[in-house]
1. Considering only region 208-217, I want to know if a residue exists there that is without any contact (Cβ under 8 Å) to a residue 12 or more places away in the chain, surrounded by 13 or more Cβ atoms within 10 Å (Cβ to Cβ) and assigned to a loop (DSSP other than H, G, I, E, B).
2. Could you check region 182-217 and list, in sequence order, the residues that are more than 12 Å from ligand 1 (Cβ to nearest atom) and either touching a helix residue (DSSP H, G or I) at 6+ places or on another chain (Cβ under 9 Å) or closer than 15 Å to residue 137 by Cβ (or both)?
3. Going by what's in this entry, would residue 47 be described as in a loop (DSSP other than H, G, I, E, B) and closer than 30 Å to residue 303 by Cα?
4. Check 287, 263 and return the single one that is without any contact (Cβ under 8 Å) to a residue 40 or more places away in the chain and either assigned by TED's automatic domain parsing to the domain that holds residue 26 or farther than 27 Å from residue 113 by Cα (or both).
Ligand SMILES: Nc1nc2c(c(=O)[nH]1)N[C@H]1C(S)=C(S)[C@@H](COP(=O)(O)O)O[C@H]1N2
Ligand SMILES: [Mo]
């Protein structure tokens with residue numbers, strides 16, 4: 001019945017503020033093939049714009065023969081496509097590390113899967129007749145704020161070859177319903193297989209330019225850097241990763257798990273931007289065994305896996321790791337990254353199996 005002692009220090013007020021604004025997907029929701037919209041994780045850099053869909057126009061500008069300004073109703077009349085897509089925030093896993101970069105302190109919950117409906121971006125770029133001289137295609141959101149002292153609208157770019165990939169969508173619906181304000185209503189980009197930052201929400205302008213885009217969120221943020229001053233490698237495809245539904249029941253405060261002894265099933269999901277998931281392994285106290293993979297659905301979405309576990313009483317540590325068809329395997333320890341990007345180190349769950 002003891003009360004928990006008070007805390008001095010630890011997470012900063014800024015991190016707590018970011019964590020409450022940018023909610024994660026509770027890991028028990030890994031059970032759903034498609035994450036219910038209200039359980040999908042959120043990452044919002046500035047404020048959620050108040051947008052009236054009736055007055056919203058998408059502008060297509062820059063190096064195009066036919067600049068356009070399209071409203072959402074007209075966009076909905078074009079041929080559409082629905083795709084199941086797993087999005088993961090590039091900063092997922094950042095909060096596990098110490099020292100850590102001051103940003104959203106995700107533990108592991110910055111990942112979800114939704115069914116996005118929209119017009120293939122290629123359709124719009126072909127209609128506007130994008131010029132061969134275009135080097136980069138920039139996607140501007142309406143949300144505005146400061147980051148690293150620079151005032152800007154959230155904006156990201158894709159090289160034309162990526163932008164013309166038939167999977168890339170201008171999405172106006174999520175899980176069969178109109179986009180919710182927090183997920184980019186009335187219009188957002190969806191870039192399957194890439195980390196989430198590429199999928200620009202509240203999309204208002206597409207601009208083809210003759211040079212690499214140098215906006216803050218493109219040229220400065222979202223780079224893998226091992227040491228201060230590194231030019232770094234841009235974050236693009238999601239690294240191979242996997243998670244399991246934490247078994248048993250949690251403690252309210254610590255979330256430590258208690259599990260009944262005997263036969264039980266562990267269920268989880270695995271994904272990779274580079275190639276299909278080919279293998280998942282599960283371990284108890286470091287002894288690895290093969291998990292059984294569910295049939296591969298759409299390649300842009302996570303893949304389910306399961307394993308039978310005969311839980312023996314005592315303190316146990318569970319872990320899982322995925323391998324993709326390109327031979328990428330999750331590392332046992334988080335990769336070194338100054339900003340905490342791309343942490344695909346294996347998930348470890350300590351549990352108490354009851355006697
Ligand atoms: N306009 C705009 N688009 C954005 C962001 C943003 O802050 N503003 N956040 C990006 C990041 S970092 C991620 S991980 C995804 C999250 O999408 P979701 O909130 O719909 O899950 O949106 C991306 N698109
Ligand atoms: Mo993100």
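1. No; the residues of region 208-217 include none that is without any contact (Cβ under 8 Å) to a residue 12 or more places away in the chain, surrounded by 13 or more Cβ atoms within 10 Å (Cβ to Cβ) and assigned to a loop (DSSP other than H, G, I, E, B).
2. 186, 206, 207, 208, 209, 210, 211, 212, 213, 214
3. no
4. Exactly one of 287, 263 is without any contact (Cβ under 8 Å) to a residue 40 or more places away in the chain and either assigned by TED's automatic domain parsing to the domain that holds residue 26 or farther than 27 Å from residue 113 by Cα (or both), namely 287.
The values are calculated or read from the model by the stated rules, or taken from the named source; none is laboratory data. Here the structure is a predicted model, which is why all the values come from computation and not from measurement. Positions of Cβ are generated from backbone atoms using ideal geometry, with glycine treated the same way; all protein chains shown enter the neighbour counts.
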